[in-house]
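Asks: Could you have a look at this structure, given as structure tokens, before my questions?
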Amino acid sequence: MEVRTRFAPSPTGFMHLGGVRTALYNYLFAKKMGGKFILRIEDTDQVRLVEGATDVIYDTLRGCGMQWDEGPDVGGPCGPYVQSERKDLYMPYALQLVASGHAYYCFCTEEELKARRDAAQARGEVFKYDKHCLNLPKEEVERRIKEGQPYVIRMNCPTEGESSYHDAVYGDMIFPNDTLDDMVLIKADGMPTYNFANVIDDHLMGITHVMRGAEYLSSTPKYNLLYDAFGWEQPKYVHLPTVMRDSTHKLSKRDGDAYYSDFIDKGYLTEALINYLALVGWNPGDDREFFTMDELIEAFDVNRLNKAPGIFDVDKLTWFNAEYIRRLSSEDYLKLAEPWFDKVLHGKNMDYARLAELMHDRTEVFCRIPDMIRFLAEMPEYSVDLYTHKKMKSNPEVARSSLALCLPVLEGIPESEWTEQVIHDRVMAAIADAGLKNGAVLWPLRIAISGMASTPGGAMEIAYLLGREETLRRVRAGQAMLENA
RNA sequence: GCCUCCAUUGUCUAGUGGCCUAGGACGCCGCCCUCUCAAGGCGGAAACACCAGUUCGAAUCUGGUUGGAGGUGCCA
């Protein structure tokens, strides 16, 4: 039988990284099995609707390379794929359950429920719907509906015995039925709840494997009761461990660290993000760490999914990102880095190609570029202490003579010959002639023209990038500073 | 509270009774290279939550304890 998986997000306007990973596993499994990956939009909560939110979902999935085989915009045999557009088809199923005694009308209002819930809590108990409306006489139910009283339809859960099911990653799950709540199937506004719609749709859409977050582990028995009541075959369940921010908190919107777009905006590469995410909760069984999407499909195996929650480690993601950036061609790197160069270098006459060469290996995340190269646009304020470096055998005094040595050499290079090669050869020759150590001359030079303890590139590269005029200006300024020190 | 799940270095993980003096990766530390930083090379510190039991033998099996997570919504 053909495998059919689905990703069923709510259009909230953002794609949570946990969601991206859930989508990824669904996609990988479907493709691995030669099956279909279906996208379904779960927008039954009318109060949380967000304009344009489905586009965020489409863009993210496509951007990640996860193209769905059936979905709202691409169609398919089981459409529509947006739950609000399927609104009318849920009620008949609910009515069928009412008729068979598996569900019932409930007229308790939200206020009443809240009051009872609060009262229970005050007593130190936990509120569970008490089937208050289960045994309302049929006539009364009909009368109240006719009078226009708002109602919901609730599931009638058994109160004795236990329910069990098998989960592909968590194994056999057993729940006492008396802990099952009579959940709402149809809301007062006529919309189905997620709990109901997802069962109906998964069945109607022929979903064979339900892969979703572990937060659904304990509501699954209720879904199975629904399948049973309809006489439908239950899907296979694959619950996924939670992605955490730290050991006690789920990845949340706090700190701008939970959404796909947060990372893309900062300059993380989609491929790196996907590669990293695939490894939080799953591993290939060997030491491989780098995977293309095709390789992930090839390697993916439900049996190697983990149970324990995994913490999202930005440092490791960043390492992956740096590795992916290093593997970029120079052309691609420059294309991606250019906007970030522009942020601080806009309008400056600068050899971007050379700058890109210098920055390529040093870029971990694109958003860190501006801070690393700002000194090229503007000489930063710096302390004279920077001239002191024990290992380079430099101190302000050494620096004075070093700059004195360099200045005329640099001045002697005409604008037309201002290349890295020439600068290098002349300066090195002068250092050799003077019988000095490279570091003792080059460290002060680099400090004078960058004002930074560390820079992407050494004195020669920076002097070249800066240009003759700016370099000479900075060296002289450095000399002036050292005179006054 | 109740129900369910989880538990190997700081983090992701390998490990399914002897190949484990617990392997890999990130991060961290040191050394080398070197005009700084990064990259690269080499090396290092760092874990089986705890207590019982089963067994000739346990990170691996069982029970309990502790810690953590999820659920307990007319959210999904």
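Asks: How high is the relative contact order of the range A:1-142, given as a whole-number percent (alpha carbon pairs under 8 Å, six or more residues apart)?
Replies: Rounded, it is 20 percent for the range A:1-142.
Asks: Something else now. Relative to the Cα centre, what is the charge dipole magnitude of the range A:384-484, using +1 at the beta carbon of each Lys and Arg, -1 at the beta carbon of each Asp and Glu, and rounding to the nearest 20 debye?
Replies: Magnitude of the dipole: close to 420 debye.
Asks: Go through A:4-14, A:363-373 and give me the packing order, highest mean Cβ count within 10 Å leading.
Replies: A:4-14, A:363-373
Asks: Here's something else I'd like to know. Identify all aspartates and glutamates with a Cα-Cα distance to A:K250 below 12 Å; exclude those on the same chain that are fewer than 8 residues away in sequence.
Replies: Reachable aspartates and glutamates: A:E215.
Asks: A further question follows. Which cysteines does chain A leave without a neighbouring Cys Cβ under 4.7 Å?
Replies: A:C64, A:C78, A:C108, A:C157, A:C367, A:C406
Asks: May I pose another question? Please state the relative contact order of chain A as a whole percent: Cα pairs under 8 Å, 6+ residues apart?
Replies: 12
Asks: Rounded to the nearest 10 degrees, what's the angle between the helix A:17-32 long axis and the longest principal axis of chain A, both from Cα atoms, 0 to 90?
Replies: 80
Asks: Rounding to the nearest 20 debye, state how big the charge dipole of chain A is about its Cα centre with +1 on each Lys and Arg Cβ and -1 on each Asp and Glu Cβ.
Replies: Using Cβ point charges on Lys, Arg, Asp and Glu, chain A gives about 720 debye.
Asks: List the GluC sites (Glu not before Pro) within the range A:104-177 that fall in a DSSP loop (any state other than H, G, I, E or B) and whose Cβ has at most 13 other Cβ atoms within 10 Å.
Replies: Filter output for the range A:104-177: A:E125, A:E147, A:E160.
Asks: Can you give me the distance in nm between label points at A:E125 and A:Y216, each placed 7 Å from the Cα along the Cα-to-Cβ direction?
Replies: 3.2
Asks: Another question about this same structure. Taking amide hydrogens as modeled 1.01 Å from N in the peptide plane, which residues meet the under 5 Å criterion relative to A:K36, leaving out close sequence neighbours?
Replies: Residues meeting the amide H criterion: A:V3, A:R4, A:T5.
Asks: Please label the shape of the range A:292-331 as rounded, prolate or oblate, based on the square roots a ≥ b ≥ c of the eigenvalues of the alpha-carbon gyration tensor (a/c under 1.5 means rounded; beyond that, a/b larger than b/c means prolate, else oblate).
Replies: oblate
Asks: If you count, for each residue, the other Cβ atoms within 10 Å and average over each peptide, how do A:59-70, A:239-250 line up from highest to lowest?
Replies: Packing order, densest peptide first, comes out as A:59-70, A:239-250.
Asks: Is it possible to state the helix-based mean residue ellipticity at 222 nm for chain A, with each DSSP H run of 4+ residues giving -39500 (n - 2.57), the sum divided by total residues, to the nearest 500 deg cm²/dmol? What is it?
Replies: Per the formula, -14000 deg cm²/dmol.
Asks: Going toward the positive end of the dipole of the range A:85-240, with +1 on Lys and Arg Cβ and -1 on Asp and Glu Cβ, which of A:P221, A:H132, A:G231 do you reach last?
Replies: Result: A:H132.
Asks: Okay, next question. Which entries of A:K32/A:K236; A:K131/A:K187; A:K36/A:K222; A:K32/A:K266; A:K266/A:K316 show an alpha-carbon separation above 20 angstrom in the structure shown?
Replies: Exceeds cut-off: A:K36/A:K222; A:K32/A:K266.
Asks: So for A:W319, A:W340, fewest C-beta neighbours within 10 Å to most, what's the order?
Replies: A:W319, A:W340
Asks: Which whole-number percent gives the relative contact order of the range A:384-484, counting Cα pairs below 8 Å spaced six or more residues apart?
Replies: Relative contact order for the range A:384-484 comes out at 37 percent.
Asks: If you don't mind, another one. Report the paramagnetic label zone for A:L49: residues of the range A:190-213 whose backbone N is under 17 Å from a point 7 Å from Cα along the Cα-to-Cβ axis.
Replies: Label zone hits: A:190-194.
Asks: Could you let me know the centre-to-centre spacing of the range A:262-287 and the range A:104-172, using Cα atoms, in angstrom?
Replies: Cα centroid to Cα centroid, the span is 42 Å.
Asks: Further question: Would you kindly derive the ³J(HN,Hα) couplings of the range A:384-398 from the backbone phi angles with the Karplus curve 6.51 cos²θ - 1.76 cosθ + 1.60 (θ = phi - 60°), listing them in order in whole Hz, with x for Gly and Pro?
Replies: Per-residue couplings from phi come out as 5, 4, 4, 6, 8, 8, 4, 5, 7, 6, 10, 8, x, 5, 4 Hz.
Asks: Which value, in debye to the nearest 20, describes the size of the charge dipole of the range A:279-350 about its Cα centre when Lys and Arg Cβ atoms bear +1, Asp and Glu Cβ atoms bear -1, and nothing else is charged?
Replies: Its charge dipole is roughly 320 debye.
Asks: Another question, if that's okay. Check A:K250: other-chain or 5+ apart residues with amide H under 5 Å from its amide H, H built from backbone geometry?
Replies: Residues meeting the amide H criterion: A:R245.
Asks: Convert each backbone phi in the range A:299-308 into a coupling constant with the Karplus relation 6.51 cos²θ - 1.76 cosθ + 1.60 (shift: θ = phi - 60°), then list the ³J(HN,Hα) values in order as whole Hz, x for Gly and Pro.
Replies: 8, 4, 8, 4, 5, 9, 7, 8, 9, 6
Asks: Can you bin the range A:85-240 into rounded, prolate or oblate? Criterion: square roots of the alpha carbon gyration tensor eigenvalues sorted a ≥ b ≥ c, rounded for a/c under 1.5, prolate for a/b above b/c, oblate for the rest.
Replies: Taking the square roots of the gyration eigenvalues as a ≥ b ≥ c, the range A:85-240 is oblate.
Throughout, read-outs are computed from the coordinates displayed, never taken from laboratory work. The structure presented is a predicted model; accordingly, all values stated were derived computationally and were not measured. Don't worry about glycine lacking a Cβ; one is built from the backbone with ideal geometry, like all the others, and counts go over all protein chains shown.
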